[in-house]
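Data block below; observations after.
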Amino acid sequence: MWHFSIADSATIIEGVLEYRAAEYSLNFARLPGLSPEQTSGQDDLTSIAVGTLQLEIAVQTRALLYAWGYFPNTAWVRRPLAPPEMKRGSVSLRPPLPTLSRGVALEYIAAKSWRIEYDEGSGWLYFGDGAAAERVILFASNTAISLRADKVVALWLRPLMV
């Protein structure tokens, strides 16, 4: 299992996270005018497959950028959610690591048993294993990762429904 490091930062990847119901998919559109540190290493991208959802990663910096991919709403359990406190920051894969190659996704096997819950009132989606998180980091617009012992236990997503 991989480990992640966190750097507290007021800067996150800015963009629009959308859920496209007709395509059963999430899309993240980065906003123009990103700073150099936000775009560094983004010419070579890969992703971590969390089920059918992808977490985009910059190969050089190993930084998580945003979520996207096939994410059918037919499996979502609708119920009220209480999103945790989220701190802004950047999240990166840390050694020991598998080799990261442009366009070759890595599979996060632990996510195979994760559940998906959706709060229609707040718009938040929870995709995780139910374990309590030690830290929840907002690393992109409306996109957060929950970590326990530097391992991913959940994702929190708040897409615009289109």
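The values are calculated or read from the model by the stated rules, or taken from the named source; none is laboratory data. Everything quoted here is computed from the prediction, not taken from an experiment. We place every Cβ from the backbone using ideal geometry, glycine too, and count neighbours over all the protein chains shown.
Does ASP150 meet the test of being under 19 Å from ILE57 (Cβ atoms) and surrounded by fewer than 17 Cβ atoms within 10 Å (Cβ to Cβ)?
Taking the combined requirement at face value, the residue satisfies it.
Tell me whether region 98-116 contains one or more residues that are modelled with pLDDT of 95 or more and among the aromatic types (Phe, Trp, Tyr).
No, because not a single residue in region 98-116 is modelled with pLDDT of 95 or more and among the aromatic types (Phe, Trp, Tyr).
Given (1) within 21 Å of THR11 (Cα to Cα); (2) under 17 Å from the mean Cα position of the chain (by Cα); (3) surrounded by fewer than 20 Cβ atoms within 10 Å (Cβ to Cβ), where does GLN60 come up short, assuming only one miss?
Condition not satisfied by GLN60: (2).
Name, by its number, the condition in (1) part of a helix (DSSP H, G or I); (2) modelled with pLDDT of 95 or more; (3) of a type in the set (D, E, K, R) that does not hold for ARG88.
Going through the list (1) part of a helix (DSSP H, G or I); (2) modelled with pLDDT of 95 or more; (3) of a type in the set (D, E, K, R), ARG88 breaks only (1).
Can you tell me which residue among ILE137, ILE145 is in contact with a Gly (Cβ under 7 Å, 6 or more places away or on another chain) and surrounded by 12 or more Cβ atoms within 10 Å (Cβ to Cβ)?
ILE137
Considering region 1-40 alone, what residues qualify as being modelled with pLDDT of 90 or more, surrounded by 12 or more Cβ atoms within 10 Å (Cβ to Cβ) and either assigned to a helix (DSSP H, G or I) or in contact with a His (Cβ under 8 Å, 6 or more places away or on another chain) (or both)?
Once the filter is applied, which keeps residues that are modelled with pLDDT of 90 or more, surrounded by 12 or more Cβ atoms within 10 Å (Cβ to Cβ) and either assigned to a helix (DSSP H, G or I) or in contact with a His (Cβ under 8 Å, 6 or more places away or on another chain) (or both), region 1-40 yields only GLU23.
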